[in-house]
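Data block below; observations after.
The values are calculated or read from the model by the stated rules, or taken from the named source; none is laboratory data. Note that the coordinates shown come from a computational prediction; the quantities given were computed from them, not determined experimentally. Counting neighbours? That spans all protein chains shown, and the Cβs are built from the backbone with ideal geometry, glycine included.
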């Protein structure tokens, strides 16, 4: 983990509402892993005030660049969208845990489920799995065809697209696809999910009925991002306090630990 | 130029501290900051037993500010001593433990346990947390209670005793004077302001308890005014807090009468704020031929 000023290498829309920002990665900060995040200071002024957390969507070791994917949804991301290649940005990272630290052994099939901007970290995870030759099914949900990210195809991941309006792929959510699957005889599958809370909850419930382990990337408003402020607490069922910090004990949790409401 | 600060007969190497609740127990920022540039680390509040903290969500950003309702989430004094203090004690900065309780005897019990512990420079008594039902601000808004609590703790330690004041009162000077009467060595000025944000679509407050404590640049003028008033009402040092983002902001507090300052919310924005502030104060004092922090107080009568 380090704080550094990075130069933006590229910044482009990947669909009609999502952007991908690629910047020089300060190698001495450590190697970003799928599920981890960094915080960006988007303005030198006092509004927006806090740094904003973004999960990594890729890391290119050779080029020494890292990327994040985001959707414009407030003043901070509006400002971020105005950054151009060559501009510099204040980064702290890599932060939090990653999917791999929780991955159980002997898994032959991975369901990688993403909703909305969750496609960023899930794609990053898929590319890591493709290097270890594990079987992957990438299930991607979006509202409509025009929102679907134009991401590079991954060699060993089969991509299933679901749109709410049926304009592309399966009409419905990623759950529509998952629930259509015949029970897996081997039972050696795992589920990874990143996206809005209802999708995480639904994935957890589906995985539970199938007996699969499920790992979810939790989102919570953050202030420090390093475990100091206790602001980003999420509810867990195995801590004396009843809470865990999304920034340091997460953001990736075994879904069975979460209190789902 | 001498930037050291004396509080209760003990010296801080420089006037820049990091505020309670914004720097954890130090270790969280190990890879990001140079602790030798920090005059004092004010720890996350420590209570007698562990506290889980308040229901979620706990924070929301406001215009140039942050509204929080953490609820003094902490590991409790025993685990603080066994798990957190060994790291703190090894840091090059002064460790000021922020002490909180639901009742006077709880504050005393926490202090007694900490007294047996090495590496503590002094204590900051939290009578100003707006996010707990008992103790906290309920103490800090009543001058008589503050005086009695401070006097009780005064009898238990010779280390510097700093009382952290709440701005949520009619006249903060009354509480500051009560702390001085009780034997406080300094006052921290100010803790957060009570605030509320309402989710219009949901038609309810964003924070489960309704209100939270407002911090950040939005409250800076309130903090500077309180520091100005309090430093003229008491003879003990005033530690200015509230919305400091850089040396320019810190100098407002020092010129207003503060002997030291604390960086709070800005640690979240840029963990290097404290070292930048110290460098900026030094540069200003050199330029203005100011010889000490005290010397800054002559400009505004």
Worksheet item: So is residue B:104 more than 14 Å from chain A (Cβ to nearest Cβ), within 21 Å of residue B:187 (Cα to Cα) and out of contact with any strand residue (DSSP E or B) (no Cβ under 7 Å at 6 or more places or on another chain) or not?
Response: yes
Worksheet, complete the sentence: Across (1) in a loop (DSSP other than H, G, I, E, B); (2) more than 8 Å from chain A (Cβ to nearest Cβ); (3) surrounded by fewer than 18 Cβ atoms within 10 Å (Cβ to Cβ), residue B:48 clears everything bar (3)
Fill in: Filter result for residue B:198 (under 22 Å from residue B:133 (Cα atoms) and at pLDDT 95 or above)
yes
Item to complete: Look through region B:11-45, keep the residues that are outside any loop (DSSP other than H, G, I, E, B), away from chain A (no Cβ under 13 Å) and more than 16 Å from the chain's Cα centre (by Cα), and return whichever of them is surrounded by the most Cβ atoms within 10 Å (Cβ to Cβ).
Response: B:37
Practice prompt. Please give the number of the condition residue B:246 fails out of (1) within 14 Å of another protein chain (Cβ to nearest Cβ); (2) surrounded by fewer than 23 Cβ atoms within 10 Å (Cβ to Cβ); (3) within 19 Å of residue B:67 (Cα to Cα).
Written response: (3)
Worksheet item: Given the conditions (1) closer than 13 Å to residue B:23 by Cβ; (2) in contact with a strand residue (DSSP E or B) (Cβ under 9 Å, 6 or more places away or on another chain), and given that residue B:266 satisfies all but one, which numbered condition is not satisfied?
Response: (2)
Practice prompt. Return the residue satisfying two criteria in turn: it lies in region B:76-101 and is out of contact with any strand residue (DSSP E or B) (no Cβ under 8 Å at 6 or more places or on another chain) and within 14 Å of chain A (Cβ to nearest Cβ), and of such residues it is farthest from residue B:129 (Cα to Cα).
Written response: B:87
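Restricting the search to region B:285-301, which residues are in a helix (DSSP H, G or I) and under 22 Å from residue B:11 (Cα atoms)?
The answer is B:285, B:286, B:294, B:295, B:296, B:297, B:298.
In the list B:257, B:213, which residue meets the criterion of being under 15 Å from the mean Cα position of the chain (by Cα), farther than 20 Å from residue B:148 by Cβ and in contact (Cβ under 8 Å) with a residue 40 or more places away in the chain?
When all the criteria are applied, what remains is B:213.
Can you confirm whether residue B:165 is over 27 Å from residue B:11 (Cα atoms) and touching a strand residue (DSSP E or B) at 6+ places or on another chain (Cβ under 7 Å)? Quick ask: steps written out before the conclusion?
On the way: over 27 Å from residue B:11 (Cα atoms): no; touching a strand residue (DSSP E or B) at 6+ places or on another chain (Cβ under 7 Å): yes.
The answer is no for residue B:165.
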Discussion item. Looking at region A:43-59 only, could you name the residues that are free of Cβ contacts under 8 Å to residues at least 12 places away in the same chain and more than 8 Å from chain B (Cβ to nearest Cβ)?
Written reply: A:44, A:45
Practice prompt. Provide a single number: the residues in region A:127-139 that are within 14 Å of residue A:57 (Cα to Cα) and at pLDDT 90 or above.
Written response: 0
Worksheet item: What do you reckon, is residue A:227 surrounded by fewer than 24 Cβ atoms within 10 Å (Cβ to Cβ) and within 11 Å of chain B (Cβ to nearest Cβ)?
Response: yes
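Kindly check whether there is at least one residue in region B:97-112 that is touching a residue at least 60 places away in the same chain (Cβ under 8 Å), out of contact with any helix residue (DSSP H, G or I) (no Cβ under 6 Å at 6 or more places or on another chain) and buried (at least 19 other Cβ atoms within 10 Å of the Cβ).
Looking through region B:97-112, at least one residue is touching a residue at least 60 places away in the same chain (Cβ under 8 Å), out of contact with any helix residue (DSSP H, G or I) (no Cβ under 6 Å at 6 or more places or on another chain) and buried (at least 19 other Cβ atoms within 10 Å of the Cβ).
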Worksheet item: Among the residues of region B:198-218, how many are assigned to a loop (DSSP other than H, G, I, E, B), more than 23 Å from residue B:20 (Cβ to Cβ) and touching a strand residue (DSSP E or B) at 6+ places or on another chain (Cβ under 6 Å)?
Response: 1
Worksheet item: Yes or no: residue A:37 under 30 Å from residue B:242 (Cα atoms), touching a strand residue (DSSP E or B) at 6+ places or on another chain (Cβ under 9 Å) and more than 14 Å from every other protein chain (Cβ to nearest Cβ)?
Response: yes
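Considering only residues that are assigned to a loop (DSSP other than H, G, I, E, B) and at the interface with chain A (Cβ under 8 Å from one of its Cβ atoms), look in region B:51-69 and name the one that is farthest from residue B:81 (Cα to Cα).
Residue satisfying both the conditions and the ranking: B:63.
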Item to complete: Take region B:272-290 and flag every residue that is farther than 17 Å from residue A:43 by Cβ, within 17 Å of the chain's Cα centre (by Cα) and within 14 Å of another protein chain (Cβ to nearest Cβ).
Response: B:274
Worksheet item: Got a sec? Which of B:151, B:144, B:138 is within 18 Å of the chain's Cα centre (by Cα) and surrounded by fewer than 20 Cβ atoms within 10 Å (Cβ to Cβ)?
Response: B:138
Worksheet entry | Which listed residue, of A:140, A:49, A:102, is under 19 Å from the mean Cα position of the chain (by Cα) and surrounded by 24 or more Cβ atoms within 10 Å (Cβ to Cβ) | A:140
Fill in: Number of positions in region A:219-241 that are touching a residue at least 12 places away in the same chain (Cβ under 8 Å) and closer than 26 Å to residue B:215 by Cα
13
Worksheet item: residue B:114: in contact with a strand residue (DSSP E or B) (Cβ under 9 Å, 6 or more places away or on another chain) and part of a helix (DSSP H, G or I), yes or no?
Response: yes
